[in-house]
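Below is one structure, written out as structure tokens; comments come after it.
The values are calculated or read from the model by the stated rules, or taken from the named source; none is laboratory data. A quick note: this is a predicted structure, and the numbers were derived from the prediction, not measured. Here the Cβ positions follow ideal geometry from the backbone for every residue, glycine too, while neighbour counts run over all protein chains shown.
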Amino acid sequence: MRISGRPIAAKLAELGAELTPGVSMTEKTSLGIGGTTDLLVLRKFETIPEIMRLLAEDGIPHRFLGGGSNVLVGDGELSWVALHLPTSKPGMSVEGNTATVDAAADLGGMVTFCAKHDLGGMEGLIGVPGSVGGALRMNAGAYGTQIGPFVREVELYRASTGAIETLRGNDIRFDYRHTSFAPDDLMLRVKLELPSKPFKDILAGIKVCNEKRRSSQPLNQKSAGCIFKNPPGRSAGRMIDELNLKGHHVGDATVSDRHANFFVNAGAASCAEMLALIDDVREKVHAANGIELETEVIIWKN
Ligand code: EPU
């Protein structure tokens, strides 16, 4: 979807939105997969409602792209524009046990920033790739820690009201890799309440998690983390591994040799190849275990 060259482009620029035409999503996603579209960086929170109104008026579909670490994007010319928050120097501050962080901040960066202020609890999240906004939306978690329980307040743009609102943490449902946010809500800023902990203790916890992750996950390959959610009481990775599917591939879309629930782009995989691999593995797991795996990665088909 192209907005460059259309009358709306000048209006969006006046509202502080920065347009980059023809961006390949291979460069914006950790999987390195996806077609091309215009990218609009929303530089001023206060103009977002007006920008969203203009896009709707012109019938321009959009998707909010965060860190791009948990999405599988369709191939070819995309039918929507990608909206993005500015990632350089995101706001992060601490007052007492409360950290206030912009949604565009890197999740790991936030964990270490808080650690330096002797605020801990989030050590398990250290190696989870992506933005704070993406982590909030998905209730990111690892090693027994999820972001949800620390959330006290979220400032967000709500498509349902067309306004910027603040939700209290208690009014948001955080489940396993799922939240009560609407798909078209845009996270802007979060307040987290964190337990006090000495920096060196947090660092020790961080090192343990990094080590566990390095030993079990393919960190140097292009992936979106785990492809499937774990069904209650079961591990999707173990079930796929038990079927000897490590290395199984459709084109360059490949089941990791390291962790069977990580599907990696071993070269120039397309979305179609990755989707075919997902379907194939899902069918094989279903045939063997009677369990229908649900994707954890968000799929934006074209
Ligand atoms: N296992 C295998 N073979 C494999 C992979 C795993 O036998 O190829 C076994 C492991 O040996 C272990 C069990 O399966 O006994 C569970 O594996 P692991 O500890 O790696 O955890 P997981 O359940 O596969 C979950 C999350 C990860 C998170 C880790 C650590 C999901 C879908 N996955 O993985 O999150 O990093 O625990 O907390 O919830 C993600 O969300 O993208 C993600 C990677």
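Observations on the structure shown:
- Residue in the stretch 30-53 that is farther than 30 Å from residue 253 by Cβ and of a type in the set (Gly, Ala, Ser) present: no
- Restricting attention to the stretch 230-244 and to residues that are exposed (fewer than 15 other Cβ atoms within 10 Å of the Cβ) and part of a loop (DSSP other than H, G, I, E, B), the residue that is nearest to the ligand (Cβ to nearest atom) turns out to be 234.
- Inter-residue pairs, beta-carbon under 8 Å, first touching a residue at least 40 places away in the same chain (Cβ under 8 Å) and in the stretch 192-220, second in a helix (DSSP H, G or I) and exposed (fewer than 14 other Cβ atoms within 10 Å of the Cβ), 6+ apart: 199/116
- Residue 161 surrounded by fewer than 13 Cβ atoms within 10 Å (Cβ to Cβ), modelled with pLDDT of 95 or more and touching a strand residue (DSSP E or B) at 6+ places or on another chain (Cβ under 6 Å): no
- Qualifying residue in the stretch 203-216 (condition: modelled with pLDDT under 95 and more than 14 Å from the ligand (Cβ to nearest atom)): no
- Condition check for residue 153: touching a helix residue (DSSP H, G or I) at 6+ places or on another chain (Cβ under 7 Å), free of Cβ contacts under 8 Å to residues at least 40 places away in the same chain and in a strand (DSSP E or B): yes
- Residues in the stretch 66-87 that are in a loop (DSSP other than H, G, I, E, B) and touching a Phe, Trp or Tyr at 6+ places or on another chain (Cβ under 7 Å): 74 only.
- Going through (1) more than 16 Å from residue 297 (Cα to Cα); (2) crowded, with 20+ Cβ neighbours inside 10 Å one by one, residue 227 falls short only on (1).
- So residue 247, is it at pLDDT 95 or above, within 13 Å of the ligand (Cβ to nearest atom) and either part of a loop (DSSP other than H, G, I, E, B) or not aliphatic (A, V, I, L, M) (or both): yes
- Applying the criterion of being under 22 Å from residue 26 (Cα atoms) and touching a helix residue (DSSP H, G or I) at 6+ places or on another chain (Cβ under 7 Å) to the residues of the stretch 250-264, the residue that is farthest from the ligand (Cβ to nearest atom) is 251.
- Looking across the stretch 143-158 at every residue that is closer than 22 Å to residue 97 by Cα, of a type outside the set (S, T, N, Q) and within 16 Å of the ligand (Cβ to nearest atom), the one that is surrounded by the most Cβ atoms within 10 Å (Cβ to Cβ) is identified as 147.
- The set of residues from the stretch 170-196 being assigned to a strand (DSSP E or B), under 18 Å from residue 159 (Cβ atoms) and of a type in the set (S, T, N, Q) comprises just one member, 179.
- Once the stretch 107-131 is narrowed to residues that are in contact (Cβ under 8 Å) with a residue 24 or more places away in the chain and either away from the ligand (no atom under 16 Å from the Cβ) or surrounded by fewer than 17 Cβ atoms within 10 Å (Cβ to Cβ) (or both), the residue that is nearest to residue 211 (Cα to Cα) is 112.
- Every pair of residues 6+ apart whose Cβ atoms lie under 7 Å, when the first sits in the stretch 233-250 and is in contact (Cβ under 8 Å) with a residue 24 or more places away in the chain and hydrophobic (A, V, I, L, M, F, W, C) while the second is crowded, with 18+ Cβ neighbours inside 10 Å and in a loop (DSSP other than H, G, I, E, B): 236/230; 236/261; 236/293; 240/260; 240/261; 245/260
- For residue 276, the conditions (1) touching a residue at least 24 places away in the same chain (Cβ under 8 Å); (2) more than 16 Å from the ligand (Cβ to nearest atom); (3) surrounded by fewer than 18 Cβ atoms within 10 Å (Cβ to Cβ); (4) not in a helix (DSSP H, G or I) are fulfilled apart from (4).
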